[in-house]
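Structure record follows, encoded as structure tokens.
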Amino acid sequence: MKLTFPHMGTLAIPLRSLFEQLGCDVVVPPRTSKATLEIGVKHSPEFACLPLKITLGNLAQALELGADTILMAGGVGPCRFGFYGELHREILKDMGYDFRMVIVDPPQGRIRHIVKVIRSFLPPVTVRQVVRACRLAWVKLTCIDRLEVLANRCRAFETRPGAVSTALDRTLSDIDLAESQEEVLAAYDAGVKRIERSVYADGRPDVVRIAVVGEIYVVLEPFANHSIERTLGELGAVVDRPLNVSHWLKLNVVLDLINMAGGVNPGKLARPYLLHGVGGHGRETIAHAVSYARAGYDGIIQVAPFTCMPEIVAESVLHRVSREQGIAAMTVVVDEQTGEAGLVTRLEAFVDMLRRKKAARSRLVSV
Ligand code: SF4
């Protein structure tokens, strides 16, 4: 059996580690590229959302490399994610591929069912092996998430353009190669030092703080969002993103296994603007916007796939949040037609506007 799964940001690093430790042969799809997108666009329904198209391209490329088993997350709720697995299966079969599809639905308290699904494709393993594999994957995941947070905070202060991103990329590949928790932690420590060495110690006065919110796939996948965090950082913005894979796994797998998916409730913050969940991360987008406004951030950027219903609803509410909470907001809608140059121009204008607003505010305070 040769197992594969689609990319989503850096998720392939802990996933590969997990399944290799459990004795699987893993085929990681080639890094997402224009070729990946072209395959996805060619074979997907025109109005499918961008994540479906890109992940379809990932899977087709992995099948070309010899993968024969696909692992996909399932979903529940009003958004289209719940159909992704089935759609991928049908489209890839029509494309002539022969493979087995394993769809892991959200556990919703059904631990036995999840264990049964996972055991259906894993080779025989001991409990000890499972614990070791899960621990190693989790350490990799949390280290990666922390490094990305650090890089997003530091890019605005880097000594030369791209220095922080280069340090981050090198550390990510060290973590990918690490085979024990000790090696992961050593790579992490070295990575933190490397990133800290790439920035000026005394900061810069004109820095602005921006949060990137929106639909989880396009927020986490640099190919889909045209590396928005890197661009903003290099334009002099300190960036924060509330969504990351370890947080998502905690909510949707760990807590959901014991039927406590509602443990962290975005409803409270979003309630004045959005009473009900709208699927995907629509309500979280609003809750995050409110929370960043209260934390004194200068701006919010919502990243949303074209035709994504949850984010369309969130966008329509975001204007009111922006007005009432006093935070500038911008929506970036991405699809296969989005051009990088146009996006960079919009981001430059947004950062510039925030900088001017901030300077005007501090002039007012000093008068
Ligand atoms: S949240 Fe939006 S982009 Fe993501 S799967 Fe649902 S509809 Fe598609």
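Laboratory data are not the source of any read-out in this text; all were calculated from the coordinates shown. Nothing here was measured: the structure is a model prediction, and the numbers come from that model. Note that we place each Cβ from the backbone using ideal geometry, even for glycine, and neighbour counts take in every protein chain shown.
Sorted by average packing, counted as other Cβ atoms within 10 angstrom per residue and highest first, what order do 216-226, 237-247 take? Numbers along the way, then the final one.
Details: 216-226: 23.6, 237-247: 20.2.
In decreasing order of mean packing, 216-226, 237-247 become 216-226, 237-247.
Given the pairs K2/K193; K140/K357; K34/K358; K93/K116; K2/K42, which are separated by over 30 angstrom at their Cα positions? Beyond 30 Å between Cα atoms: K2/K193; K140/K357; K34/K358. For K268, the lysines whose Cα comes closer than 20 Å to its Cα, not counting residues fewer than 8 places off in the same chain, are K250. Highest-first packing order for the peptide set 266-279, 196-209 is 266-279, 196-209, based on the mean count of other beta carbon atoms within 10 Å.
Taking the Cα centre of the chain as reference, the dipole from Cβ charges on Lys and Arg (+1) and Asp and Glu (-1) amounts to some 1100 debye.
Counted over all Cα-Cα pairs of the stretch 139-206, pairs farther apart than 15 Å make up 46 percent.
Amide H contacts of V332: Q302, V303, A304, each under 5 Å away and 5 or more positions distant or on a separate chain (H built 1.01 Å from N in the peptide plane; Pro and chain starts excluded). Round to the nearest 10 and give me the degree value, 0 to 90, for the angle of helix 81-94's Cα axis relative to the longest principal axis of the chain. Once rounded, one gets 50 degrees.
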